[in-house]
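What follows is one structure encoded as C-alpha cells, with my remarks underneath.
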Amino acid sequence: MPGQKTTESGPQGGAGLLKAQIERNRAWRAAHAGDHPLGRSLQVLRRWQAQRLARTYADLLASDRYRPAAEFFLSDLYGEKDFSRRDENVERMYPSMVKMLPDAALHTIALAVELHVLSAELDRALCEVLGGEMGIRDRITESQYAEGFRRCANLRQRQRQVELLRQVGVDLDAVVRKPMIQQILRIARKPAQVAGFGELHDFLERGFNAFHHMGGAGEFLETIAARETRIMDRIFEGHPRPFNVG
C-alpha cells in the first residue's frame with residue numbers, strides 16, 4: 001500500500017479525473033435528492049461514525065503536530081456535515097480551476113471528490129442494511145454496526161476508501177511543498193468569497209494549512225491506514241471489540 005497510487009489520471013491528467021468524479025458525484029446527488037428517510041438515516045450513521053473516529057484517533061487529535069490534519073481528515077474529508085455547497089462550488093469552479101491550478105492540485109481535488117462520493121455510496125449501503133434488514137433507526141451500537149458492515153460484503157470498496165484517504169494525504173503532502181500553491185490560495189481568498197466559492201476555497205486552504213503545519217505526513221497517514229485496515233480485519237473476523245485498536 002505505501003508508495004503506490006491507486007488512481008491513474010489517464011491521458012487527460014488531473015483535469016480529466018476531476019471531471020469524471022464531478023459527474024459521478026452529480027449523479028449520486030440527483031439519484032437521492034429529496035429522499036428524506038435516507039437523509040435522516042445517514043445523519044444518524046454519520047454521527048456515530050464521527051464519534052468513533054474521534055475515539056480511534058484521540059491521540060492524533062491531542063497532538064500539537066497532528067491535530068490540524070486530524071481535524072481536517074475527520075471533518076472535511078469524512079465527517080457528518082453537509083458537503084453540498086462545496087460540491088456545487090467544485091462543479092461551478094471546474095473550468096477556472098483547470099486554468100489556474102497545476103495538475104497535481106487537480107489530481108488531489110479529484111481524489112477528495114472520489115473519496116466523498118465513495119463514502120456516500122458506502123454509507124447508503126450500510127443504512128439500507130441497518131435500517132432495512134436489521135430495523136435500526138435512532139441508535140447504533142458497536143456490535144450492530146459491525147454486523148451491518150459484514151452484511152454489506154463490500155470489502156474491496158472499503159479498502160479503496162482507506163487507500164483514498166491515504167492517497168489524498170500523500171498528494172496534499174506533496175502539494176504543500178510547492179510555494180506557488182500557497183500564493184495562489186492567498187490571492188484567491190477574497191475573489192473566491194465574492195464569487196460564491198467560499199466553501200471550496202476554505203476547504204482547500206484548511207487542507208493546505210493543516211498539512212503545512214504538520215511538516216511531513218508519513219507517520220500520520222500510515223497510522224490512519226494501519227488502524228482502519230486493522231478495524232476492518234477485526235470486523236470480518238467477528239472480533240467482539242473490533243474498534244479497540246489504538
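The values are calculated or read from the model by the stated rules, or taken from the named source; none is laboratory data. Just so you know, these numbers come straight off a predicted model, no measurement behind them. Neighbour counts run over all protein chains shown; Cβ positions are idealised from the backbone, glycine included. Please note that ligands, DNA and RNA were not included when accessible areas were found on the heavy atoms of the full protein model with its side chains. Shrake-Rupley method; radii C 1.70, N 1.55, O 1.52, S 1.80 Å.
The Rg/Rh ratio for the range 29-107, using Cα coordinates for both the radius of gyration and the Kirkwood hydrodynamic radius, is 1.07.
Over all other residues within a Cβ to Cβ distance under 13 Å of GLU91, the charged ones net out to +3, with Lys and Arg as +1 and Asp and Glu as -1. Charge dipole (Cα centre; +1 on Lys/Arg Cβ, -1 on Asp/Glu Cβ; no other charges) of the chain amounts to roughly 220 debye.
GNM on the chain, alpha-carbon springs under 10 angstrom: the most fluctuating residue among ASP171, ASP138, ASP123 is ASP138.
With all protein chains present, how much of the accessible area of the chain (probe radius 1.4 Å) comes from carbon and sulfur, to the nearest whole percent?
Summing carbon and sulfur atoms, their accessible area is 51 percent of the total for the chain.
Report the gain in length on full extension from ARG241 to ASP59: 0.36 nm times residue separation, minus Cα-Cα distance, nm rounded to one decimal.
63.6 nm
Coupling constants for the range 122-136 follow from the phi torsions by the Karplus curve (6.51 cos²θ - 1.76 cosθ + 1.60, θ = phi - 60°), and in residue order they are 5, 5, 4, 4, 5, 4, 4, 6, 4, x, x, 8, 9, x, 8 Hz; glycine and proline get x. Here the extension length gained between ARG26 and GLN182 equals 53.3 nm, from 0.36 nm per residue of separation less the Cα-Cα distance.
Using only DSSP helix segments of four residues or longer, with each worth -39500 (n - 2.57), what per-residue ellipticity at 222 nm results for the chain after dividing by its residue count and rounding to 500?
Working: 11 runs with 178 residues, N = 246.
Value at 222 nm, helices only, nearest 500: -24000 deg cm²/dmol.
A Förster radius of 35 Å, combined with the Cβ-Cβ distance separating ARG139 from ARG67, puts the computed FRET efficiency at roughly 0.75.
Checking every one of the chymotrypsin sites (Phe, Trp or Tyr not before Pro) in the range 70-140 against DSSP loop status and a limit of 16 other Cβ atoms within 10 Å picks out no site at all.
Pick out, in residue order, every one of the GluC sites (Glu not before Pro) in the range 15-92 that is DSSP loop and has at most 11 other C-beta atoms within 10 Å; say none if there are none. Intermediate results must be reported in sequence, preceding the final value.
Values: sites: GLU23, GLU71, GLU80, GLU88, GLU91; in loops: GLU80.
Here no GluC sites (Glu not before Pro) fit, given the DSSP loop and packing criteria.
Qualifying trypsin sites (Lys or Arg not before Pro) in the range 112-164, where qualification requires a DSSP coil assignment and no more than 13 other C-beta atoms within 10 Å, comprise ARG137, ARG139. Remark on the range 122-206: hydrodynamic radius 16.2 angstrom, per the Kirkwood mean of 1/r across alpha carbon pairs.
Whole-percent P(r), the chain, all Cα pairs, 5 Å bins from 0: 1, 6, 13, 17, 20, 17, 13, 8, 4, 1, 0. When the chain is described by a simple charge dipole with +1 on each Lys and Arg Cβ and -1 on each Asp and Glu Cβ, the residue from SER119, GLN159, GLN182 located farthest towards its positive end is GLN182.
Over the chain, accessible surface divided per residue gives 50 Å², non-protein components excluded, 1.4 Å probe.
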